[in-house]
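Please read the structure below before turning to the comments.
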C-alpha cells in the first residue's frame, strides 16, 4: 500500500502515546483517521490535531473488550467515510508483577485488552477491509517483549500477552495474504507512553482503577524511551512497505538473537541426545 492519500484508517488507543503517533503519521500521508480510545477526551484532542493536518477525523470512546462496540464503530467509520482501508489495533495495558504472584484478575485484564481486544477488532473490521482489498491493511501493536523475555522488569503477564499477540498476527498474515489484506505486527521497544499508568482505567471486575506506576517513578511516561511520534512514523512506514514485523529499536537485536540462541542450543541438545551422544 504505497499511497495512503485519501484512505481511511481506524486507530485504537489513539488518544496518546503510540496510537496518537500513528494517527498523526497517517494524517501526514493524507489518510483520514478515526481515533478511538477508552478516554474520550484524549481521543477528541488527538482528533483535533489530525484535523489540523487538513484531513478528516472522527473521535470515539471505545472499550476494546466490547466486541459489539468495536463492530458498531467499524460500521460507523465505513458509513461516515465511505470505506475502511487500514486498522491499527494499538490499545494495550500493562501491569507489573512476577508471574508467580499475578492474580487471575491481572491475567484476565491484560489478555482481555492486549490479545482479545485485537481479536475482536479484527473480527469487527474484516467485512469492511475485505470490501477494499487489495487496498487493505491491519497493523497490530505487539511488542519487542513478544520476541524475547525482559528479565530487567517484572512484566511477565504483559510479555505473555504480547507473545500471544505476535503469534496471532503472524498466523493472520498468512491467512489473509490470499485475500489481499496485509498484516503487520509492530514490535516497539521502550516508547514514552502512559502505559505505565494503564491501571487508571482498570475495570471494577478486574480489581478497579489504581494509580500504581508500573515502573516506579519512570512508569508515568517511560521517560527514557522513543518519542511516540517517531514510533508512529516507523509504524506507517512498515504499513506502506507491507512488513510482517515492524521493528523500532535496532539495539534490541542482540537480546532477540540471544533468546533464539538459547532455543537453538536446546535443539543441539536434542540432536546430540537423539544420536546417542553422552550428555
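The values are calculated or read from the model by the stated rules, or taken from the named source; none is laboratory data. Remember, it's a predicted structure, so these values are computed and weren't measured experimentally. Neighbour counts run over all protein chains shown; Cβ positions are idealised from the backbone, glycine included.
Below is a table of values for the structure above.
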| read-out | value |
| --- | --- |
| Lone qualifier among 32, 5 - being surrounded by fewer than 17 Cβ atoms within 10 Å (Cβ to Cβ) and at pLDDT 95 or above | 5 |
| Any hit, the range 16-36, residues being in contact with a helix residue (DSSP H, G or I) (Cβ under 9 Å, 6 or more places away or on another chain), in the same structural domain as residue 242 (by TED's automatic domain parsing) and over 21 Å from residue 239 (Cβ atoms) | no |
| Failed condition for residue 87, given (1) within 15 Å of residue 1 (Cβ to Cβ); (2) assigned to a loop (DSSP other than H, G, I, E, B); (3) in contact with a helix residue (DSSP H, G or I) (Cβ under 6 Å, 6 or more places away or on another chain) | (2) |
| Complete set of residues in the range 169-188 that are crowded, with 19+ Cβ neighbours inside 10 Å and part of a loop (DSSP other than H, G, I, E, B) | 188 |
| Whichever residue in the range 67-94 is over 16 Å from the mean Cα position of the chain (by Cα) and under 20 Å from residue 206 (Cβ atoms) and, among such residues, is surrounded by the fewest Cβ atoms within 10 Å (Cβ to Cβ) | 68 |
| Residue list for the range 64-84, filter: in contact with a helix residue (DSSP H, G or I) (Cβ under 9 Å, 6 or more places away or on another chain) and under 28 Å from residue 244 (Cβ atoms) | 64, 65, 67, 70, 71, 73, 74, 77, 78, 83, 84 |
| Single residue of the range 105-150 satisfying the filter (outside any helix (DSSP H, G or I) and more than 27 Å from residue 259 (Cβ to Cβ)) that is nearest to the chain's Cα centre (by Cα) | 137 |
| Residue among 62, 139, 129 that is in contact (Cβ under 8 Å) with a residue 60 or more places away in the chain, buried (at least 24 other Cβ atoms within 10 Å of the Cβ) and touching a strand residue (DSSP E or B) at 6+ places or on another chain (Cβ under 8 Å) | 139 |
